[in-house]
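The values are calculated or read from the model by the stated rules, or taken from the named source; none is laboratory data. Just so you know, these numbers come straight off a predicted model, no measurement behind them. Cβ atoms come from the backbone with ideal geometry, glycine included; neighbour counts cover every protein chain shown.
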Amino acid sequence: MVEIKEVISFCDALLNSAAWSDYAPNGLQVQGKTRINRLVTGVTASMDLIDAAIAWQADAILVHHGYFWKNEPPALTGMKYRRIEKLIKNNINLIAYHLPLDSQPQFGNNAALADYLGLINRTFFGQNQLGLAGYLPVPMSVSALGLKLNAHLHRQPLVVGPTQTLLHHIGLCSGGAQDYLVDAALLGLDAFISGEISERTTHIAREDQITYFAAGHHATERAGVRLLGEQIAQKFSIEVQFIDIENPV
């Protein structure tokens with residue numbers, strides 16, 4: 001077993017969480033047991049994930065999407081109350097890391113996808129330097145990159161913009177970063193990959209002549225929390241299980 005505060009200190013240092021001004025608090029969000037032996041990791045702290053953690057008799061849950069987002073109602077009512085009530089009744093810690101887990105340069109969401117694609121000569125761009133750009137080892141067609149993303153993420157991406165060009169210099173940013181497409185176009189990138197798509201995204205891609213892949217918010221953000229869990233397991237020799245709650249978005 002390990003003290004929960006040791007796990008938090010380890011994650012804070014590994015993710016450099018203090019350097020980020022985020023949309024939600026990073027670190028421990030709901031307090032549970034002071035010592036833990038079993039940790040569940042997942043993308044979002046939904047009720048389904050909480051129930052799965054209880055079934056596995058976990059002492060803590062680590063997610064990318066936790067609670068207490070800016071501009072959300074502060075009252076503990078409805079869905080938020082039901083989730084937090086269940087965590088407290090079962091004495092389960094909830095730990096969450098948002099932007100620090102997207103940007104972590106070795107195993108964060110963006111780095112993990114860039115590693116899979118084999119991007120070289122990487123640079124950061126966009127707001128908070130969250131976007132990651134690099135070159136594919138060999139130029140690929142739009143359809144070939146779509147198939148490669150589908151094979152890795154288990155979700156067929158929606159593609160808008162040019163479809164007949166070869167792609168070499170591309171950018172990516174997991175989750176809801178579709179508006180980084182404007183920055184990607186200004187850099188002259190051939191394509192940009194993120195999770196979500198807005199109505200305006202199609203017009204930007206067409207008019208700025210940059211291919212956009214909407215590969216799924218959930219799908220593009222599985223890797224970081226799973227890999228962070230593996231780091232924790234190696235460091236503290238506790239049981240860690242990644243649980244993927246299906247989400248088509």
Given the conditions (1) under 25 Å from F10 (Cα atoms); (2) in a strand (DSSP E or B), which single one is not true for A111?
(2)
State whether one or more residues within region 217-225 are in contact with an Asp or Glu (Cβ under 8 Å, 6 or more places away or on another chain) and polar (S, T, N, Q).
no
The residue from A205, A184, A144, A219 that alone is without any contact (Cβ under 8 Å) to a residue 12 or more places away in the chain and either assigned to a helix (DSSP H, G or I) or at negative phi (or both) is A144
So which residues in region 63-80 are surrounded by 18 or more Cβ atoms within 10 Å (Cβ to Cβ) and either touching a Gly at 6+ places or on another chain (Cβ under 6 Å) or part of a loop (DSSP other than H, G, I, E, B) (or both)?
V63, G66, Y67
So how many residues does region 159-175 have that are part of a strand (DSSP E or B), within 18 Å of Y135 (Cα to Cα) and without any contact (Cβ under 8 Å) to a residue 60 or more places away in the chain?
6
Exactly one of G42, G32 is assigned to a loop (DSSP other than H, G, I, E, B), in contact (Cβ under 8 Å) with a residue 40 or more places away in the chain, of a type outside the set (S, T, Y) and out of contact with any Lys or Arg (no Cβ under 8 Å at 6 or more places or on another chain), and that residue is G32
Evaluate the following for G171: is it under 22 Å from V225 (Cα atoms) and surrounded by 19 or more Cβ atoms within 10 Å (Cβ to Cβ)?
yes
Could you look through region 183-237, keep only residues that are assigned by TED's automatic domain parsing to the domain that holds N110 and of a type in the set (F, W, Y), and pick out the one that is nearest to L132 (Cα to Cα)?
F192
Report the residue count in region 1-49 for those that are acidic (D, E) and either more than 20 Å from A233 (Cβ to Cβ) or at pLDDT below 95 (or both).
2
